[in-house]
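Encoded as structure tokens, the structure appears first; notes follow it.
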Amino acid sequence: MYGKLMNESLKVLIENKKALFKALILPILFLLVITLLFPNIIDKGKMVFEDNIIKIISILLGIITLLINLSIAVSVHRIILIKDDILLIKSVATTKREVDFFGKSLILVILSGLVFIVVFFFSMALFRIFILDTQLLTICSIAFSGLLASIIFSRFSMILPSVAIDKKMDFLDTLEFTKNYKFLSLFMVVIFPFIIAILIAVVYGIVIKFFSVLISSYFEILYVFLNVFITVLVISCLSVTYSYIEKENNQKKFL
């Protein structure tokens, strides 16, 4: 089952390549322009603005980038799940659907973050009884907190595909939805995409860095394509998992 879903996550991208190209070409062009226009505000890991105008421009471009990424996420979900034909002009549109998608994403991040923080402090106090080394104690607490937060994130994240295809679902519904697929959700939504994303980012990141240093810094715009591809792949994993669990649940209800 796991191998099938991993293959399916990649297979659906190939099967829907024409629809994905049409839906993503305009957002990618916008992101390329923004990358070229975005002022360099990072200095030694800190955000530094030359003046208020640069600050305002940076904030505006950041908001536009967020809106474009929301459109990409919703479009990919719709193409994979319902074979939607996204019109070129609508591929960068921000509708109520994208706003709702952003709202649910924000709540998802906040909930997962709260779980991590609460569990971290409780686990620090609990593990202190058994672990005396401070560094090891911190590592164990972070690992345990990260695991629980990832489980919560993977189960609650099923609300995002449902929002993208206009199906009614709330966060409590996702717990029932994934009741029999806890580890599957964790593996397909967090573990597998994380491993694949790291491998792709490292390999192609090195190649892009090599060309940008050796030939021209303009090759850094290739990071836009890399980031979009990783984003699409992660969304594909979530969509495929959502589709599989939905079919299995419907089949059980029917039987």
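The values are calculated or read from the model by the stated rules, or taken from the named source; none is laboratory data. Predicted model only: the values in this text are computed from it and were never measured. Positions of Cβ are generated from backbone atoms using ideal geometry, with glycine treated the same way; all protein chains shown enter the neighbour counts. What goes into the accessible areas is simple: the full protein's heavy atoms, side chains included, and nothing from ligands, DNA or RNA. Shrake-Rupley method; radii C 1.70, N 1.55, O 1.52, S 1.80 Å.
Rundown of residues vs (1) surrounded by 15 or more Cβ atoms within 10 Å (Cβ to Cβ); (2) closer than 23 Å to Met1 by Cβ, yes/no style:
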{"position": "Ser185", "(1), (2)": "yes, yes"}
{"position": "Ile196", "(1), (2)": "yes, yes"}
{"position": "Tyr204", "(1), (2)": "yes, no"}
{"position": "Val207", "(1), (2)": "no, no"}
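All conditions in (1) open to solvent by 20 Å² or more (accessible area, probe 1.4 Å); (2) more than 30 Å from Ala19 (Cα to Cα) hold for Asp170, with the sole exception of (2). Exactly one residue out of Phe153, Phe144, Phe116 is more than 21 Å from the chain's Cα centre (by Cα), open to solvent by 60 Å² or more (accessible area, probe 1.4 Å) and touching a residue at least 24 places away in the same chain (Cβ under 8 Å), and it is Phe144. Within the stretch 157-166, none of the residues are surrounded by fewer than 17 Cβ atoms within 10 Å (Cβ to Cβ), more than 25 Å from Ile14 (Cβ to Cβ) and either without any contact (Cβ under 8 Å) to a residue 60 or more places away in the chain or touching a Phe, Trp or Tyr at 6+ places or on another chain (Cβ under 6 Å) (or both).
One line per residue, one yes/no per condition, for (1) within 20 Å of the chain's Cα centre (by Cα); (2) modelled with pLDDT of 85 or more:
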| site | (1), (2) |
| --- | --- |
| Lys182 | yes, yes |
| Pro193 | yes, yes |
| Ile196 | yes, yes |
| Gly205 | yes, no |
| Phe210 | no, no |
| Thr231 | yes, yes |
| Ser239 | yes, yes |
| Glu246 | no, yes |
| Gln251 | no, no |
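Arg128 meets all of the listed conditions (1) over 30 Å from Lys18 (Cα atoms); (2) exposed (fewer than 12 other Cβ atoms within 10 Å of the Cβ) but one, namely (2).
The helices (runs of 4 or more DSSP H) found wholly in the stretch 59-175 and carrying at least 3 residues that are at pLDDT below 90 occupy 96-127, 134-156.
Being open to solvent by less than 40 Å² (accessible area, probe 1.4 Å) and either of a type in the set (Gly, Ala, Ser) or without any contact (Cβ under 8 Å) to a residue 24 or more places away in the chain (or both) is the filter here; which residues of the stretch 100-113 pass it? I'd like the intermediate steps shown before the answer.
Within the stretch 100-113, the first condition is being open to solvent by less than 40 Å² (accessible area, probe 1.4 Å), and the residues that meet it are 101, 103, 105, 108, 112-113.
Within the stretch 100-113, Gly103, Ser105, Ser112, Gly113 meet the criteria.
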